[in-house]
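**Student:** The structure's right below; bear with me while I get my questions together.
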């Protein structure tokens, strides 16, 4: 037997792709988890269709899951795949443009028949030529027939047999990347605890795929990716939506409050509602409302009644909540609104990522209606920004909008588990003196009112959406309205003393400052690192605090010859910076395709600016 | 019950009440304050939530905790308050515009969930605060500022929505009858679940006299049937009329005529889970029938906020996760020590 080709790599990107029903999301997730347990740093990106089930075998129905892992810190799921696992011709067509030159394509040769080629709109019988993939290493594996063969003694119906195909692919890829199967076996046994035959058949096929790799190694290259060097601690894999949910759990426990979530299911935010609805054991109250408006207004009611109250949604849902956010501004109650951004406008691209709700978060309400706006930048730091959003809301009696996005929400990465005792204190502004209490009495330093919770004798008061005086009664006095409007804005600006200064990745001065915000961090930092390796004088300033902006923003900007703001919209943050931090020329790189940046295109935009 | 002795004045705020002179709201507020004073519940546990409309100014005139929210959403805000803290006694003040138009969706879902709040629906069949446009309860053909040639749509009957949403408590009163209002409100407070009390209210400015045909003292006895659970449905001058059930329908009869005796009159069963008779009572209208007042429906059913608490207790009984630290460290985790992964 010939020796297998062994390739040692720093990081590898794999894309699992197949029909929506082929189980690609599970395959990708299991591989990522097994890889993280092996000690690699990982970053994942599920890319699935919005159609519930597009016709089988068509390009519209292709579901993909990309994972990058490596021996150093991995910040993105990768631009282009080194390895594509394609379960049918449509998967090849849908993913051709995401392939790394010289990459490997493993495909189910049983599925590359005329019928399926036609469904994927191939004209000839050579799909690889049609997609300009001739120079790629292609490994045909009869996955379907080998799966059937593995299960011939199992007495399963054809449908159940075909459902195991993904395990064959997973086993093969585990062999290619030298991953142990034990984690996946445990998972399958757990999942099918009550269906031992299904568990056994899946594990059988998983091993068949792995063994196929061993037997056929003359044709399959093996990749070695050594474990990553990362900070000591206990780790787990976490998705952005789960991290967001857990951030609120931690904040509620730290603040000594019950957590209340009022929400209405919407892609890609729904997972936060699911994760928290599992937590009855921690006393969490989740209310699946009749609509987005009831989601937020019930949360406002719960905030009035003394809970850490949150509502979660995505773009169109935030639009529906606008009026109620104004009520929270006026009532000055602690409330966190999470917007897991997706492609817009209207229904837009529900399953794709975008950063185009920034203006909506900042300005999308009637009247002068200021709120604090934060943005998380990686799947795992959704935890921290959810925690911070809750802290700001509770300590300053102000609504906070937390922006994440579909890329962060669905993506995952290893997360160093914090201890609750180590997290910063959260001290809600409870009213405790009934004699001096006024509904809208304020601390002169931070301008926040106090929180007097129904049930507490002596603090009975009325709040509401009308402009009011200090005791909470409606007031139409012109001067009072001006004063209160200014106070509400100032109160948000004063949150600046709760947020850290803007940090620079790279040198504090130089030719180019690349500016980003929110979920693009991984791609931005990879870009800047690569450029700096090439000797370019480039640094990154990435924003998590949008309103208010960090105190030192202008100071940071001043030290660079040119500034380029990169965002997944037509330039909303750029416009905001032009308004709030004037006096600089802001160059722009904008992408609005429903997809994350690629490091390559970001680098190109910087090269171009360096040449100018 | 405690021996808390409150009077109506304990529930009045210092704010000047600014409804129009002669507005039906004054009488309703009076009834609400009387009811609250008699409940034996500590003052600080009352929360009054309203939306937008004339009636929604209510919380400002109460000395309790109050929340004047936004149009149509009082029901949803109140749901959040009650779920957050079931120990509170939560009231919703709303009108035919607030609850039946912009807030229709939240209204039916509140009723469907059976969250334990008391809702008072002020029905004057007009938009008062915006100065006289027709509402979803306005009668077909009504001429208003936005229907100068008359409306071409049929109204909602609030009780029908309550039944349609599987409501557990529905009562009807009229502003001028404070005694009746207080009595049905007291019943509403005793009911576990969503209590809907529709109060026919007169808007002196924009829809004056809309209910006078029902309430005219000269004909009132013939035009109103006040039902009580367990009692025969008798009404009319000298209690001469009654309701019987015949051929699947309700029918007005004269006692002593055509062989009808007092014993033949239908006895009101507010606790009947089957809503068909209740629906028929809600549907009765002039001139063929009297309009029904009192507690029409009051049935026991699981209460949302109690069920939430019960579920939390049940799940917590056998819980493996008792705090956030335990949750974070459950499932698949791995240790990194000295940069060498150990697992």
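Only the coordinates and a few stated rules stand behind these numbers; no lab work does. Model, not experiment: these values are computed from the prediction. Here the Cβ positions follow ideal geometry from the backbone for every residue, glycine too, while neighbour counts run over all protein chains shown.
**Student:** Describe numerically, in nm with one decimal, the distance between label points set 7 Å from Cα along Cα→Cβ at residue B:316 and at residue A:211.
**Tutor:** 5.2 nm
**Student:** To the nearest whole number, what is the average tally of beta carbon atoms from other chains within 10 Å of the beta carbons of peptide A:277-285? Don't skip to the answer; put the middle values down first.
**Tutor:** Values: counts 0, 3, 6, 8, 12, 10, 5, 1, 8.
The mean count of partner-chain Cβ atoms within 10 Å per residue comes to 6.
**Student:** Let me ask you something else. Under the definition of Cα pairs under 8 Å and six or more residues apart, what whole-number percent is the relative contact order of region A:334-460?
**Tutor:** Contact order relative to length: 26 percent.
**Student:** Here's something else I'd like to know. Using a 10 angstrom cutoff on alpha carbons, build the Gaussian network for chain B and name the most mobile of B:308, B:92, B:292.
**Tutor:** The residue with the greatest mean-square fluctuation here is B:308.
**Student:** In what sequence do B:278, B:43 fall when counting other Cβ within 10 Å, fewest first?
**Tutor:** Starting with the residue having the fewest Cβ neighbours, the order is B:43, B:278.
**Student:** I would also like to ask the following. Give me a single rounded figure for A:32-44: the average over its residues of other chain Cβ atoms within 10 Å of their Cβ.
**Tutor:** 2
**Student:** Across peptide B:287-296, what mean number of C-beta atoms from other chains lies inside 10 Å of a residue's C-beta?
**Tutor:** Across B:287-296, the average partner-chain Cβ count within 10 Å equals 0.
**Student:** I want to check the label-to-label distance for residue A:592 and residue B:229. Put each point 7 Å from Cα in the C-beta direction and report it in nm to one decimal.
**Tutor:** 6.0 nm
**Student:** Rounded to the nearest angstrom and ordered from largest down, what semi-axes does the equivalent ellipsoid of region A:236-422 get from its C-alpha gyration tensor (root of 5λ)?
**Tutor:** Ellipsoid half-lengths, sorted descending, are 21, 20, 15 Å.
**Student:** Treating the angle as unsigned and between 0 and 90°, give the value, to the nearest 10°, between the Cα long axis of helix A:292-304 and the longest Cα principal axis of chain A.
**Tutor:** 50 degrees
**Student:** Roughly how compact is the protein assembly as shown, stated as its Cα Rg over 2.2 N^0.38 Å to two decimals?
**Tutor:** Normalised Cα radius of gyration, the protein assembly as shown: 1.10.
**Student:** Now for a different question. Using a Förster radius of 51 Å, what is the FRET efficiency between residue B:330 and residue B:239 based on their Cβ-Cβ separation? Nearest 0.05, please.
**Tutor:** For residue B:330 and residue B:239, the calculated efficiency is 0.15.
**Student:** While we're here: For chain B, with a Gaussian network of springs between Cα atoms less than 10 Å apart, report the residue from B:185, B:266, B:200 with the top mean-square fluctuation.
**Tutor:** Ranking B:185, B:266, B:200 by mean-square fluctuation puts B:266 first.
**Student:** Among B:55, B:240, B:173, whose mean-square fluctuation peaks in a Gaussian network model of chain B (Cα, cutoff 10 Å)?
**Tutor:** B:240
**Student:** Same structure again: Could you give the distance between the Cα centres of region A:125-186 and region A:572-612, to the whole Å?
**Tutor:** If we compute the Cα centre of each part, the gap is 42 Å.
**Student:** Given only helices, namely DSSP H runs of n ≥ 4 each adding -39500 (n - 2.57), what is the per-residue ellipticity at 222 nm of chain A, to the nearest 500 deg cm²/dmol? Each step should come with its number before you reach the end.
**Tutor:** Values: 21 runs with 225 residues, N = 612.
Counting only the DSSP helices, I get -11000 deg cm²/dmol.
**Student:** Another one. Just need the relative contact order of chain B here, percent rounded to a whole number, with Cα pairs under 8 Å and 6+ apart.
**Tutor:** Reported relative contact order: 14 percent.
**Student:** If you take every DSSP beta bridge whose two residues both sit in region A:504-611, what share of them, in percent to the nearest 5, is antiparallel?
**Tutor:** Bridges in region A:504-611 that DSSP calls antiparallel: roughly 10 percent.
**Student:** Follow-up question, since we're still on this one. Using Cα pairs closer than 8 Å and at least 6 residues apart in sequence, work out the relative contact order for chain A, in percent.
**Tutor:** Numbers: 1350 pairs, mean separation 71.8, N = 612.
Result for chain A is 12 percent.
**Student:** Fewest first, what order do A:175, A:415 take by the number of other Cβ atoms within 10 Å?
**Tutor:** So the residues, fewest neighbours to most, are A:175, A:415.
**Student:** As a test, work out the antiparallel percent of DSSP beta bridges whose residues both lie in chain A, rounded to the nearest 5.
**Tutor:** The answer is about 35 percent antiparallel.
**Student:** Can you give the FRET efficiency to the nearest 0.05 for residue A:498 and residue A:134, using r as the Cβ-Cβ distance and R₀ = 56 Å? Mind showing how you got there, number by number?
**Tutor:** Numbers: r = 57 Å, r/R0 = 1.02.
Calculated transfer efficiency: 0.45.
**Student:** Next up: Where the centre of each part is set by its Cα atoms, how far does region A:494-534 sit from region B:75-125, in angstrom?
**Tutor:** 49 Å
**Student:** Further, regarding this structure: Please work out the C-alpha center-to-center distance from region A:291-343 to region A:423-475 and express it in whole Å.
**Tutor:** A separation of 20 Å, based on Cα centres.
**Student:** Given chain B, what percent of its DSSP beta bridges are antiparallel, to the nearest 5?
**Tutor:** 40 percent
**Student:** How big is the Rg/Rh ratio for region A:504-611, C-alpha atoms only, Rh by Kirkwood, two decimals?
**Tutor:** 0.92
**Student:** Shifting gears a bit: Neighbour counts of other C-beta atoms within 10 Å: give me B:82, B:247 arranged from fewest to most.
**Tutor:** B:247, B:82
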